[in-house]
Amino acid sequence: CGTSAVVTGGPCGGQTDSGIWLSACILSAHNLSVLFSSALVLACAATGAAETLTVEGQNLATDNVSVIEGEMATISCRVKNNDDSVIQLLNPNRQTIYFKDVRPLKDSRFQLVNFSDNELRVSLSNVSLSDEGRYVCQLYTDPPQEAYADITVLVPPGSPIIESREDQVSEGNETELICTAMGSKPAASIRWMKGEEELAGETTVEETYDRMFTVTSRVRFSVTKEDDGVPVDCIIDHPAAKDLLAQRHLEVLYKPEVKIVVTYPEGLTREGDNLDLTCIAEGKPHPHQINWLRVDEDVPPHAVVTGSDLYIENLNKSYNGTYRCVASNAVGEAYDDYILYVYDAPTTSPTPTTNPVNTQDSRAGEGAPQKIDHAVIGGVVAVVMFAILCALIVLGRYFARHKGTYFTHEAKGADDAADADTAIINAEGGHNNTDEKKEYYI
């Protein structure tokens, strides 16, 4: 805005009366875009230089912009084959942000990034929700051209929160978890993961007065003791946020798991031996009570119970039976059985038995190393050798029965004949008188 009477290079391509430009300098930036449009018409009429500009081949283009709240957005007004026409950028209220490389608007968040005949690029820093809307790129041609850039402001949700109906849940029961993601734009989506398993939740979306969204998701499932300590993740998916999740570890209560371990003896239980059993019980909460009993009978009077251990000395057959360890906690109780069978002598070879499920049996020698009975092995070898010897004798007698001395029907009378004819006669008659075949046995 100078003091010269004439300004060259105006929008009409001719000279423009300086009074109009001075008025533009006096008016506020809020009304400047309207003044520019009026100035174009008045200036062209006053000079009589009404002329038609060729706009063939001139294309005005821009792009929509998505930006996260608080970050920077960039708007680019681009012109192909520009013939020195003026480019300006307007905000959603049709106020001029930049006219060529001049910023009439006082908002200093708008800064010129690039200005040339083919582009006007402007940045907007510290974007807020109020900046959202449609921005206009204008090219002063005849007729004027406009292109629109929509700025969408993304607001990431706050940290998600997981809530539960109870902190602890007993095995077999159902639990419910609630995850909430507040203050996002657009609305976030929520996924659930239990360990490596994806769960299906029920989602509700609520829009607030300030165009923000609150999303709530609920998930229900039954738990087992294997779920104790397993993480459950509430995962938030949103274009303005990455790796946003909340995690909660399940705390499952379950009844005890009981197992009886034979501490002594290692092998079979014999009369006169001592027996030491240990009851191992694990549960959540930890079992508060462990009891030993003998099924259908009383525990031997001199048996000693110390905590989870049962000790019986100097065993005899009257102690045979089923011994049970029972453990209990706030969730329930469980037990394990041990079947005691006392043998007479150490040389007694036990008969293998089949154990019931979850039951130990001293007759089976569970956990004891198998001992080799050398007497049994020697007996087996002797039987085998005797069988081989018998087979050899039988085979020898068989072959001997089919072996002997045989005599043929020879012409014995021919040996003492005086001549050949006599020998033939004697030989022919000799056949009838020859001895039959004889056989001798050894």
Restricting to the range 251-268, name every residue that is under 30 Å from Val232 (Cβ atoms) and either loosely packed, with under 12 Cβ neighbours inside 10 Å or among the aliphatic types (A, V, I, L, M) (or both). Val252, Leu253, Val258
Got at least one residue in the range 269-287 being free of Cβ contacts under 8 Å to residues at least 60 places away in the same chain, surrounded by 14 or more Cβ atoms within 10 Å (Cβ to Cβ), of a type in the set (S, T, N, Q) and not in a loop (DSSP other than H, G, I, E, B)? yes
Out of the residues in the range 78-119 meeting the condition of being hydroxyl-bearing (Ser, Thr, Tyr) and buried (at least 17 other Cβ atoms within 10 Å of the Cβ), tell me which one is modelled with the lowest pLDDT. Ser85
Can you give me the number of residues within the range 288-298 that are within 27 Å of Val331 (Cα to Cα) and either surrounded by 13 or more Cβ atoms within 10 Å (Cβ to Cβ) or in contact with a helix residue (DSSP H, G or I) (Cβ under 7 Å, 6 or more places away or on another chain) (or both)? 5
Expected output for the range 77-106 (first residue in contact (Cβ under 8 Å) with a residue 60 or more places away in the chain, partner of a type in the set (D, E, K, R), Cβ below 9 Å, 6+ apart or cross-chain) is Cys77/Glu119; Cys77/Arg121; Val79/Asp117; Val79/Glu119; Val86/Lys100; Thr96/Arg103
Take the conditions touching a helix residue (DSSP H, G or I) at 6+ places or on another chain (Cβ under 9 Å) and assigned to a strand (DSSP E or B) and apply them to Ile260. Does it pass? no
Odd one out for Glu206 among (1) more than 30 Å from Ile68 (Cα to Cα); (2) more than 23 Å from the chain's Cα centre (by Cα); (3) charged (D, E, K, R); (4) modelled with pLDDT of 95 or more: (1)
Within the range 79-99, tally of residues that are farther than 16 Å from Thr62 by Cα and not in a strand (DSSP E or B): 6
What are the residues in the range 147-177 that are farther than 30 Å from Arg134 by Cβ and open to solvent by less than 30 Å² (accessible area, probe 1.4 Å), if any? Pro160, Ile162, Val169, Thr175, Glu176, Leu177
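The values are calculated or read from the model by the stated rules, or taken from the named source; none is laboratory data. Keep in mind it's a predicted model, so treat the numbers as computed, not measured. Neighbour counts run over all protein chains shown; Cβ positions are idealised from the backbone, glycine included. Just the protein is used for accessible areas: all its heavy atoms, side chains included, with ligands, DNA and RNA removed. Shrake-Rupley method; radii C 1.70, N 1.55, O 1.52, S 1.80 Å.
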